[in-house]
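Everything on this sheet refers to the single structure shown next.
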Ligand code: 4NP
């Protein structure tokens with residue numbers, strides 16, 4: 001089993017979007033039995049809340065259902081459990097580096113590293129407008145395709 005954790009700040013916009021997008025891609029590839037996918041936030045303000053209605057609506061337009069997801073905060077045990085711990089931006093990555101035990105630090109990456117378009121981050125859309133949520137989906141879909149290639153190479157190895 002390859003285990004992937006997506007991490008943003010609140011776990012109500014970007015990382016639930018990434019969880020839903022990557023889950024669908026993995027299902028379409030027939031790998032749902034071999035890949036475990038989850039998301040979490042570095043902050044605790046939204047723990048237990050469903051995703052932001054704007055993120056839910058934008059994702060639904062592209063056929064992704066976020067409604068069953070609930071926010072949780074990343075914990076120390078996540079670094080041992082997951083093979084990939086993927087931050088949406090540099091601030092999330094800095095926080096993860098601060099929290100991660102050194103033996104698991106190699107699992108921490110920026111999600112957009114997997115994008116062939118070379119985007120630097122998935123920008124925080126929380127204070128933005130509808131176009132910011134569309135950008136999140138564009139960047140997440142692009143990065144998810146690259147991540148799938150990386151996961152496949154690990155499964156084949
Ligand atoms: P996310 O977006 O990190 O993509 O879930 C945010 C959600 C909430 C807040 C900031 C960003 N907040 O400040 O409450």
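The values are calculated or read from the model by the stated rules, or taken from the named source; none is laboratory data. On a predicted model such as this, the values are computed, not experimentally measured, just so you know. No Cβ is skipped: glycine too gets one built from the backbone with ideal geometry, and neighbour counts run over all protein chains shown.
Being closer than 16 Å to residue 96 by Cβ and assigned to a helix (DSSP H, G or I): is that true of residue 19 here? No. Does segment 119-135 contain any residue that is over 15 Å from residue 21 (Cα atoms) and crowded, with 22+ Cβ neighbours inside 10 Å? For segment 119-135, residues over 15 Å from residue 21 (Cα atoms) and crowded, with 22+ Cβ neighbours inside 10 Å: present.
Taken as a whole, the condition of being more than 13 Å from the ligand (Cβ to nearest atom), crowded, with 18+ Cβ neighbours inside 10 Å and either under 13 Å from the mean Cα position of the chain (by Cα) or modelled with pLDDT of 95 or more (or both) applies to residue 104. Residue 11 fulfils the conditions (1) at positive phi; (2) without any contact (Cβ under 8 Å) to a residue 24 or more places away in the chain; (3) crowded, with 19+ Cβ neighbours inside 10 Å except for a single criterion, (2).
Please work out which residue is farthest from the ligand (Cβ to nearest atom), limiting yourself to segment 26-47 and to residues that are closer than 24 Å to residue 130 by Cα and surrounded by fewer than 20 Cβ atoms within 10 Å (Cβ to Cβ). So that I can check it myself, show each step before the final result.
Filtering segment 26-47 down to residues closer than 24 Å to residue 130 by Cα leaves 39-43, 45-47.
Filter once more, so that each one left must be surrounded by fewer than 20 Cβ atoms within 10 Å (Cβ to Cβ): 43, 45-47.
Working: 43: 7, 45: 5, 46: 6, 47: 11 Å.
So the residue we want is 47.
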